[in-house]
Structure formats: structure tokens, C-alpha cells
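The next block holds one structure in the form of C-alpha cells; read it before the comments.
The values are calculated or read from the model by the stated rules, or taken from the named source; none is laboratory data. It should be emphasised that the depicted structure is a prediction, and the values quoted were computed from it without experimental measurement. Cβ: placed from backbone, ideal geometry, glycine included. Neighbour counts: every protein chain shown. These area figures cover heavy atoms from the full protein model, side chains too; ligands, DNA and RNA do not enter into them. Shrake-Rupley method; radii C 1.70, N 1.55, O 1.52, S 1.80 Å.
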Amino acid sequence: MSVPRIRLVLALAAVTAFGVGACAPSSSSGLDATSSAGSDTVDDVTIALPGSLSTLDVAQEAGSLNYQIATITSEGLLGVNADGELVPALAEAWSQPDATTYVFSIRQDAKFTDGTPVTVDDILFSIDLARDPDRSPSTSIYWPEGLTVEQTGDWEITFTLAEANVAFAWTPTAVGGLWVTSRSFYENAGTYGSSADLILGTGAYEVVEFQPDSHVTFRAVDTWWGGTPDVKEIDVEFIPDENTRLLAQQSGETDISLGISLDQSEHWDSIAGSSVEYVSDRSYVGLTFDASVEPFDDIHVRKAVAHALDRESIVSTVLHGKGEVATGLSSPAQLGSSIGEDKARELLSSLTTFDFDLTAAKAELAQSKVPNGFDLELTYPNSGPQLGQAALTLADNLSELGINLEVTEVPIEEWISKVGTGDYGLYYMWYLPTTGDPGEIPGWLLNPGNPAQYENDEVFSHMASSSTDLNDLTRAESIIAANEIAQADVAYAPAWWGVSATAFTDNLAPQNYTAYFFMTPWAASLTSIG
Amino acid sequence: MRYLLTRLGQAVGVLLALSFLVFSLLYLAPGDLAKNLIGTRKATPEALAAISQKYHLDEPFFAQYWRWLQGVLHGDFGDSIRSGVPVADVLGQRIPVTISLTVIAFAFAVGIGIPLGFIAAHRIGSLTDRTIVGVALVGVSAPSFALALVFLYLFSVMLDWFPVYGMGDGFWDQMWHLVLPSLAIAVGTAAMIIKVTRTSVAREVGQDYVMFATSRGIGRQRIAGLYMKNAAIPIITSSGLILASLFGSTVLIETTFALPGIGQLLADSITFKDVPVVQAVTMLVAVVIVTAMFLVDLAAAVLNPALRTHSRSQEVIAS
């Protein structure tokens, strides 16, 4: 039985099982709060993760879940706040005297979770580690070529870039490419991040146990410069099956469940003693056209397909109204991290988009060199079933134009390997940014080497300007200008900006729950309201 | 001895061929390990080249296989590309889970399957027989992961008897966590054992020697001992193979119950193209199956002297 078939059967079984879910017993939270009156302390919280980790070392395995877990215990020089702004972490202050120089003042009272003090040498070691492609294969690419790092004071480190890059400030963060650890701990560890050696960070929690593909347990420490968290212990359980996660929350075995499937949102919403929070995950989903592949070298073909993409319908039906129709590459929350979401929305609303219009699509195709249609394939990753459902609606619309779109599910690893290889004229792009840098997604999709193999000197010029512009507003305007040209050329057809759904037991209150929540030291912000 | 050496040689040949086959299939499978490590982010040619060089992906196919084989011959299965941890350590963590799951499931399957098969064989055509056969048919047909969800809903959510997921802490808690997943696997397996037991016992019960023994007034228990010994050969043979195949087929159950066993590890490693882990898990499962087949053959020979005689006569002819 093929994997898609298995999932289909599983889904049917789940529907059958949960059809009687309305009469299920109400859950009792697994959250264990101390009983002393007036205390907000919580003994332990159990969190369900929609996937598994094979290592705690994010530099080795760098999926989005790895980042979310790493922020519980590790920090970089800078951090991110709930608004997506860079804030002090191990560096208590920083400055940028010129476009290529960053100076960080290191916090002198910082400690690792085992109580040992953080030294400048530990930080320099961690930076070397993060830049080493052998020891950090997943994240060394974040660090630019030609960068020099040196200690310029007792508690000061200076980075000098070979060329200006405004986004670099995000690199030495725990959501970018730096997780500060102890030199001696790392060098004494056989395999850093494994269950035998664990990891050592400077955050609010220490790792006490890790079993790959099973769970990781954290315990609060009193060594964090940011204070002592209310939750004493956090058990993160890896539960890849979405039905099992639902049952676990229903039975009260878990307190927080991440990555809830929007298809199951009704079941999650109905769990007694628990509520679901929906918030932008800043992700971008859209179509990528490779103009070097026939017949997509014809702009009329690209426009025809773009007009056939019914984004409103996809958001309302496939995403159950939980996403947002995308007008550009960066979501308002992402573009607005430095200029505010309102201004970002204003800029994004000015971009050229192709509304759903089958008449216009037919007219475009009639002007093309393939007026009678053609066959093509669109692959989507197995971890994104919503992409598959959206592709089927597109296929349905395209069939009216005579275009036969074959929709194929492939393992996410295979999908990643195909992106931008020139094998197809039409790709999906599904990108969840790890940093709050407004230029993270455009920096990939609009610069040379982009997955559309799109080359436009004017676009490249705008992006180059954006990478050196220290003014947040004009930088964002440059990004939008580049985005506008590429969209008018139909290199990309944005579809939607994603939403993440997280279930919280009613006894827990996540403070400042925003699109950046899981990029902040989020576990330290959980408090009991029971 | 000669028989043992022959079987050992065959086993090594099978493992070698299998390792090459799996390595080839993984090599040909779509996907790019270097891109898997980087994700959807922009991957510069320099970064891709660095990763390819580290994992020797830039070498020709045969050179890569030979590198792996040489390592294995020296007892080094390499490091997991996904986690960076030695493969031996990765397997060491997962094997106990899968072994426990398999053994408990097998115990359930045998404990349910053999008695029910025996009862059905003695009441062929009766309502009891038809009921047992009907239940077995449903058991064989029901996918284990669908049963798992039903069990979870009934016994974990509604009745709150068992935990929903995970391994638990301490021996007894872990055993408790494994009851439902084991049952979910055991249902289908028990159904197969019911059918094999029913068929083989019914065949023996109908043999002339049973009728002759009955007519001579020999006790029922002694007669049962006689035909059960003969009926045991196909039951043991099939059960041994079922046990071995169970070990390698736990992926769906391990995923459903969030159990960190080798099934889940294999599935993840295949999609990631984590070659060292896939090779090691494949070899492990193959060794288990080859060993089980060997033990099954030995058990059958012990139970049936005719097989030993046949084997000896073959050796005489061969010499």
C-alpha cells in the first residue's frame, strides 16, 4: 500500500473514530500545578510536537521544530521579541557603526545552565562552531564568506563583513545561526546533541533527558539572566501522528499541542478544557514558474496559470479560513517586523497579483504558443496535505483551459531536492522563515540563484540596495519594488500566508502569543492561570 | 557442521546481496541528501559541495558502496547523517523498543491464536468454529493502524485504561505502554495463527493413527499429545516466520503510538536518504529473519525425526 493510500485510510479511520467524538469524556489537564495558594508555579507541562527530533543540535538537524525546541534552552548573542524585533540576549547591547561592522557587548553575568559562567572564549568558540560546515552542516550557510570575528574588548566582540548585509544582525541569534555553548562541554562531548551527551546552553531550562524520536525533558534553572520561569519542568513528547496527538490532548495527557492540522481544527476546537490559538506563522506558499522550461517561457502561459489559481477559495475551503490570501512573498508579520504590520500591509497591497478569472486565463492561453493546452506535473511535499488539496483545485480550474495538471505527492525530502532544478516549469514554494528579517524570503526568491531561475538586473539591483540600506522603511520599499517587478513578470504567483494552530490547556497562559512566539524564549513565558 | 557452514555461507551471501540492492535503490531514489540537510533555504554551490565532500557523495557509486562495506567489515557502520550519532548507538536505542513490542505482540498472538485454532479444529462446521473463523477473517483484514486508533479511542480516551502514546518510565510502566500497540499488531497475527493451527490440527485429528489410537482405548490426553506434536510443525514454522516478519513491520504502529523503535527510524531514514542507518537497519532485520528461519528449521527437525534422516541422507549423497 502506498504512503498516500495509507494516509487516506488512516484519515477515514480517524473520521470514523472521531465521529463520536462529541460524546467523549471531557479532558482533565495533565498540567500539574503546585497547590500553594497564590503561587503561579507549575510543576510540569507536557507538550506534543508534531514530528520528531533525531538530535538536539540545530546545527546538525535544522527543521523548524528543532528551532522551536532549541529556544527553550539555548541563546545567541541576540534574541527576538514577540513583535519580531531583535533584542538583547547574551549581548546586552549592540551597535552598527557602519554598514559592514557589528559590535556586541557581552553580558558579564551570563551563565550556562550548569552554573558555569559564560566567557568570551565560549562565544568565539560557538561562532567558529556555527561557521564550520563539518560540524554545522545545516546552518554554516548562514554565515557569510569573508566575515572576520574578533574580541575587541574584555567583553566585546566585533564582526566585520566583507560586504554590507543588513540581514546579518539576524545571524548571531538563536533563530538564525548561533547557539552559544561551552567550549569545554562541547569538546568533552562524544556527540553533541545526542541522548548520551545532550547540549548545554544559557537559557531558562537545562536539558535533563533526551530520547531521539521519543521525548526531551527540560528543567528550569535559576541561572538565566532573564529570571526563573514559572514552569519547573517541560516534557516535550514527539507524536508524529496527528490523530494520536488529538487523542492525547483529548485525554488530558498533553497540555500544549503544536502544529495542529487545520483539517482537524473543528475536533480540536471542541476539546473541553483546552482552546486553540491561531496565529500567522509567517510562512509563504505560492507557485514558482521556471521560464527556462517550455511552455513557461511564454508569459501568457504563466499568466493563464496565475489567473486559474483561486486563492480566495483555497483559503476559505482548504485552509478553513485560517490562512490569508497572499499578495507578495513576505507576510505582513514578516515584512512588518521592523516597520510595523500596518505599513507592511499597505506596501504589500500595492503589488501586482492575478485575480482568479478563468475568462482572463483562457484569453491569456489563447495568445500563447500552446492555445489548446498542455500536460504538466506539480509535486507537493507529503507533510503539506493542504498544498495537495490546493493543487487539486488548481488542476480542476486548469482543466477548463485544456491544461492537464497532474498533482503528485512526494516525500518532503524529494520535494526539497527538486525545487529550482529546472525539472519542472511549475513548482510549489513553501517556506517558513526562521528569522524575523523582512528580507529572508525575498532574499532567496529574488536574488541570483533563485528557484525560478529568474534573472532581472533591476530586481537584483533593488535587492542589493535592500541588503545595505540601514533605513527600515526604504529597505522594505526596495524589497517591495523588487517583488513587484518579479510578480508582474509572473516569476511567482503568491497563494497564501500560513497560520499555525496550537492547542493550550485552559490552565496555561502563553504570554505575548504572536507570530514570533516560538522564536522567543517561549517556554519561560508560560504561566498558570488555574 | 557442514550443514551449519552451508547455512552460514548462504546467510552471508543473502546479506551481501541485500546490502548492495538496498544501497543501489537508495542511490537511485529521488532526493538529495545535501539539500535535505539545508532545507528549503538558499543553498549555495559551495555549501552543497562542502556537504557532498563530507559525506563522499561526490564519489562514484561503487566507491561509495565499497567505502561502506569496508567500514562494516571493520565493525564500523558509520554515523547517521541526520543526527551525526554513530549508527550503532542509534540502533542500540531503538532495538529494545521494537524487540519488546514484537515479543509482546507475538505472545498475545500465540496466546490467542493457538487455543482458538485448537478449539475451532475440534468443532469444524459448528457455530463456534464459524465464529472463530469469522473473527479471524476480520482480524486478518483489519489494518493494524486502524485498529490502533480504535483501541486508543476506546481504551485510552473513553475508558482511560491505557496511555495514549510513548514508552513510559520503568519496566512495568513501559510494559503497560506497550499493551495497546502490541494488541493492535497481534490481532492480525493471531488471526493467521488461528487459521494455521485450525488447519493443521484438523488434518491430524482426521488421520488414521488417531482413529486407531481412539479405537484402542488410549486416553484422550495422550492422543492429543500425539497429534499435537505432528500438528506443531507447521504451527512452529509459520509462527517463527511471523515473529521475524513482525520485527521488521512495526513502522505504522510505532508511528501511531509514538514509539521510538527501528520501524519509525527506518521510515525516517529512508525519506532522508540517511544511507548508513538504512543499511544497518536493513541488515539487522535481514539477520533476524535469516536467524529465525534457521531456528525454525532446527525446531522442525527436532520435532520430526524424518527431516533429520532426510537431511543426513542428503549429506551422504552429497559426499
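Among residues of region A:387-415 being within 14 Å of chain B (Cβ to nearest Cβ) and either touching a His at 6+ places or on another chain (Cβ under 9 Å) or open to solvent by 20 Å² or more (accessible area, probe 1.4 Å) (or both), the one that is farthest from B:Leu37 (Cα to Cα) is A:Thr408.
In region A:184-207, the qualifying residues are those that are of a type in the set (A, V, I, L, M, F, W, C) and within 13 Å of another protein chain (Cβ to nearest Cβ), and the one that is surrounded by the fewest Cβ atoms within 10 Å (Cβ to Cβ) is A:Ala196. Per the listing B:Ile81, B:Ile112, B:Ile95, B:Ile104, the residue uniquely open to solvent by 60 Å² or more (accessible area, probe 1.4 Å) and either more than 14 Å from chain A (Cβ to nearest Cβ) or closer than 30 Å to B:Ala244 by Cβ (or both) is B:Ile112.
For B:Ala50, the conditions (1) within 7 Å of chain A (Cβ to nearest Cβ); (2) touching a residue at least 24 places away in the same chain (Cβ under 8 Å); (3) of a type outside the set (Ser, Thr, Tyr); (4) not in a loop (DSSP other than H, G, I, E, B) are fulfilled apart from (2). Residues in region A:502-530 that are among the aliphatic types (A, V, I, L, M) and over 21 Å from A:Glu253 (Cβ atoms): A:Ala515, A:Met519, A:Ala524.
To keep it simple, each residue is scored yes or no on (1) over 30 Å from A:Tyr284 (Cα atoms); (2) exposed (fewer than 12 other Cβ atoms within 10 Å of the Cβ).
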| site | (1), (2) |
| --- | --- |
| B:Tyr3 | yes, no |
| B:Gly13 | yes, yes |
| B:Ala29 | no, no |
| B:Leu33 | no, no |
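Here A:Thr217 clears all of (1) free of Cβ contacts under 8 Å to residues at least 60 places away in the same chain; (2) open to solvent by 30 Å² or more (accessible area, probe 1.4 Å); (3) more than 29 Å from A:Leu378 (Cα to Cα) except the condition numbered (2). A search for C-beta distances below 7 Å between a residue of region A:315-338 that is among the β-branched types (Val, Ile, Thr) and any residue that is surrounded by 23 or more Cβ atoms within 10 Å (Cβ to Cβ), counting only pairs 6+ apart in sequence or on different chains, returns A:Val315/A:Gly323; A:Val315/A:Trp496; A:Val318/A:Ala390; A:Val325/A:Arg311; A:Val325/A:Trp496; A:Thr327/A:Leu348; A:Thr327/A:Pro494.
Conditions (1) modelled with pLDDT of 85 or more; (2) charged (D, E, K, R); (3) under 30 Å from B:Val150 (Cα atoms); (4) surrounded by 17 or more Cβ atoms within 10 Å (Cβ to Cβ), marked per residue:
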site: B:Val187; (1), (2), (3), (4): yes, no, yes, yes
site: B:Lys195; (1), (2), (3), (4): yes, yes, yes, yes
site: B:Arg203; (1), (2), (3), (4): yes, yes, no, no
site: B:Arg222; (1), (2), (3), (4): no, yes, no, no
site: B:Tyr227; (1), (2), (3), (4): no, no, no, yes
site: B:Asn230; (1), (2), (3), (4): no, no, no, yes
site: B:Gly240; (1), (2), (3), (4): no, no, yes, yes
site: B:Leu243; (1), (2), (3), (4): no, no, yes, yes
site: B:Leu246; (1), (2), (3), (4): no, no, yes, yes
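Filtered by the rule that a residue be farther than 19 Å from A:Ala488 by Cβ and either of a type in the set (Lys, Arg) or open to solvent by 10 Å² or more (accessible area, probe 1.4 Å) (or both), region A:319-335 gives A:His320, A:Gly321, A:Lys322, A:Gly323, A:Glu324, A:Ala333. Every condition in (1) among the polar types (S, T, N, Q); (2) surrounded by 15 or more Cβ atoms within 10 Å (Cβ to Cβ); (3) farther than 18 Å from B:Asn36 by Cα is met by A:Thr379 except one, and the failing one is (3). In region A:125-152, the qualifying residues are those that are touching a residue at least 12 places away in the same chain (Cβ under 8 Å) and part of a strand (DSSP E or B), and the one that is most open to solvent (accessible area, probe 1.4 Å) is A:Gln151. Within region B:133-183, the set of residues being part of a helix (DSSP H, G or I), open to solvent by less than 50 Å² (accessible area, probe 1.4 Å) and facing chain A (nearest Cβ under 7 Å) comprises B:Phe145, B:Ala146, B:Leu149, B:Leu152, B:Tyr153, B:Ser156, B:Val157.
Filtering A:Thr181, A:Thr228 for residues that are open to solvent by 30 Å² or more (accessible area, probe 1.4 Å), in contact with an Asp or Glu (Cβ under 8 Å, 6 or more places away or on another chain) and more than 14 Å from chain B (Cβ to nearest Cβ) leaves a single hit, A:Thr228.
Screening the candidates A:Asp122, A:Asp109 for the property of being open to solvent by 40 Å² or more (accessible area, probe 1.4 Å) and either assigned to a loop (DSSP other than H, G, I, E, B) or over 30 Å from A:Ser280 (Cα atoms) (or both) yields one hit, A:Asp109.
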